[in-house]
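K.L.:
Before anything else, here's the structure in question.
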Amino acid sequence: MTHPEDTERLLLQTLWDWLRHQPFLRSPFFPVVFSLTVHLGCCLPYICLDFLDYRLSFIHQFKIQPQSKVTWEMALRCLYKILHNHVCFIFPFSVLHWYWKPVSSPLLAPDTWSVLKDVLACLLLFDTQYFLWHLLHHKVSLLYQTFHKEHHLFTSTFSLTTENTNAWEMLSLSLFTTLNVTLLGCHPLTEMLLHVTNMYLSVEAHSGYEFPWSPHRLVPFNLYGGAPHHDLHHLKSKVNYAPYFTHWDKLFGTLQGEYTRRKTIKKF
């Protein structure tokens, strides 16, 4: 009888064997194409919801700020910013990173436990780094006005606002992620899975929707803030600085609960 751990290891090994034989994986173009594809792929379902929610009450009931409406002008503005930052900033830096640290292709894939452990460790490290970066850029007026204010253009978040940022902010956060996987010695496959996880959580936090299956509802003891947590930060600005978890905001006294009435959502 096949052990579940063996099946999981086999699936990861099969995925890694396929990936490491793809020539594009070792191309300097891969990081920027991968990043952009994952980001827009995560945004797409929420974009569709944004343009359907006023026609379908079933969707609209899950909006965190029901009065807000996403327009094509808003979406295209953010999309232009995303493409501009990736082409003009992420691509040149990814080429430098590719030159400095070529993609390694070990024969063996990581085991499931290593992937989960490293992804969680990287998320916790990033959460700490971003909390401190974020708090500093709100407390120091010059930093806020120069670098972070652009991300607060919209007080009601939607998926494309995730990377509607100044180039300095985007590069800073990219540096944190790159540094973390290097410090922890993550497997290249773990690094890719981390990027997908990190991007999904970032987009979900900016989505403007709260569903019964939203991540913050699946993590117990209010340890994870999710979309309501970050949406409130964009609305009030001086609270909820951590991107994902809630422990740093609790310790610094900057945690605030949802401002919206608690919806009664039927369980599916």
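K.L.:
Comparing 245, 131, 58, which has the greatest mean-square fluctuation in the GNM of the chain with Cα pairs linked when under 10 Å apart?
P.N.:
Largest GNM mean-square fluctuation: 58.
K.L.:
What 222 nm value per residue comes from the helices of the chain, counting each DSSP H run with n ≥ 4 as -39,500 (n - 2.57) and dividing by all residues, nearest 500 deg cm²/dmol?
P.N.:
On the way: 11 runs with 151 residues, N = 268.
The per-residue figure over the chain is -18000 deg cm²/dmol.
K.L.:
Once each part is reduced to its C-alpha centroid, what is the distance from segment 220-258 to segment 70-116 in angstrom?
P.N.:
Segment 220-258 and segment 70-116 have Cα centres spaced 26 Å from each other.
K.L.:
Taking the chain as the reference, fit the longest principal axis to its C-alpha atoms, fit the long axis of helix 226-236 to the helix C-alpha atoms, and give the angle between the two in degrees, 0 to 90, nearest 10.
P.N.:
Helix 226-236 and the main axis of the chain meet at about 50 degrees.
K.L.:
Let me ask something additional. For the chain, what's the relative contact order in percent, using C-alpha pairs closer than 8 Å and at least 6 residues apart?
P.N.:
23 percent.
K.L.:
Just flag the trypsin sites (Lys or Arg not before Pro) in segment 1-66 sitting in loop per DSSP whose Cβ has no more than 14 other Cβ atoms within 10 Å.
P.N.:
55
K.L.:
So I have [x] 49; [y] 62; [z] 52, and one of them is percent of Cα pairs over 24 Å apart calculated from this model. Which one is it?
P.N.:
Read-out from the structure maps to [z].
K.L.:
Here's a follow-up. Given R₀ = 45 Å, FRET efficiency for residue 93-residue 60 by Cβ-Cβ distance, to 0.05?
P.N.:
Calculated value: 0.65.
K.L.:
Now for a different question. Most fluctuating residue of 150, 210, 73 in a GNM of the chain with Cα springs under 10 Å: which is it?
P.N.:
73
K.L.:
Give or take rounding to whole Å, what are the principal axis extents of the alpha carbon atoms in segment 41-108, in descending order?
P.N.:
On the principal axes, segment 41-108 reaches 51, 33, 16 Å in Cα extent.
K.L.:
For the residues 78, 42, what sequence is obtained by ranking on other C-beta atoms within 10 Å, fewest first? Mind dumping the intermediate values first?
P.N.:
Numbers: 78 23, 42 19.
Lowest to highest Cβ neighbour count: 42, 78.
K.L.:
For residue 80 and residue 24, what is the calculated FRET efficiency with R₀ set at 22 Å and r taken between the beta-carbons, to the nearest 0.05? Numbers along the way, then the final one.
P.N.:
Details: r = 26 Å, r/R0 = 1.18.
Working from the Cβ atoms, E equals 0.25.
K.L.:
A further question on this structure: If you stretched the chain out fully between residue 101 and residue 113, how much longer would it get, using 0.36 nm times the residue separation minus the C-alpha to C-alpha distance?
P.N.:
Full-extension gain reported as 1.8 nm.
K.L.:
A follow-up question, please. I'd like the distance between the alpha-carbon centres of segment 133-210 and segment 1-60, rounded to an integer number of Å.
P.N.:
18
K.L.:
At 37 °C and 0.692 mPa s, grab the translational diffusion coefficient of segment 146-247 from Stokes-Einstein with a Kirkwood Rh over Cα pairs, rounded to a whole number in µm² per second.
P.N.:
Working: Rh = 14.6 Å.
Using the Kirkwood radius from Cα pairs, D works out to 226 µm²/s.
K.L.:
In units of 2.2 N^0.38 Å, what is the alpha-carbon radius of gyration of segment 100-176?
P.N.:
1.44
K.L.:
Another question, then. What's the magnitude of the charge dipole for the chain around its Cα centre, counting Lys and Arg as +1 and Asp and Glu as -1 at the beta-carbon? Answer in Debye, nearest 20.
P.N.:
740
K.L.:
So how many Lys-Lys pairs in segment 109-268 land under 19 Å Cα to Cα, not counting same-chain pairs under 8 apart?
P.N.:
8
K.L.:
Hey, another quick one. For the Cα atoms of the chain, what angle does the longest principal axis make with the long axis of helix 167-183, in degrees from 0 to 90, nearest 10?
P.N.:
40
K.L.:
Moving on. Choose one answer from 102, 31, 228: the residue with the largest mean-square fluctuation in a GNM of the chain with alpha-carbon springs under 10 Å.
P.N.:
Residue with maximal mean-square fluctuation among 102, 31, 228: 102.
K.L.:
Only Cα pairs under 8 Å and at least 6 apart count here; give the relative contact order of segment 202-258 as a rounded whole percent.
P.N.:
On the way: 75 pairs, mean separation 17.4, N = 57.
Computed over segment 202-258, the figure is 30 percent.
K.L.:
Give me 193, 79, 175 ranked fewest to most by other Cβ atoms within 10 Å of their Cβ, as a rough exposure proxy.
P.N.:
By the 10 Å Cβ count, ascending: 175, 79, 193.
Read-outs throughout are calculated quantities, based only on the coordinates presented, and are distinct from any laboratory measurement. Keep in mind that this is a model prediction, so the values were computed, not measured. Neighbour counts are summed over all protein chains in view; Cβ atoms, including those assigned to glycine, are modelled from backbone coordinates with ideal geometry.
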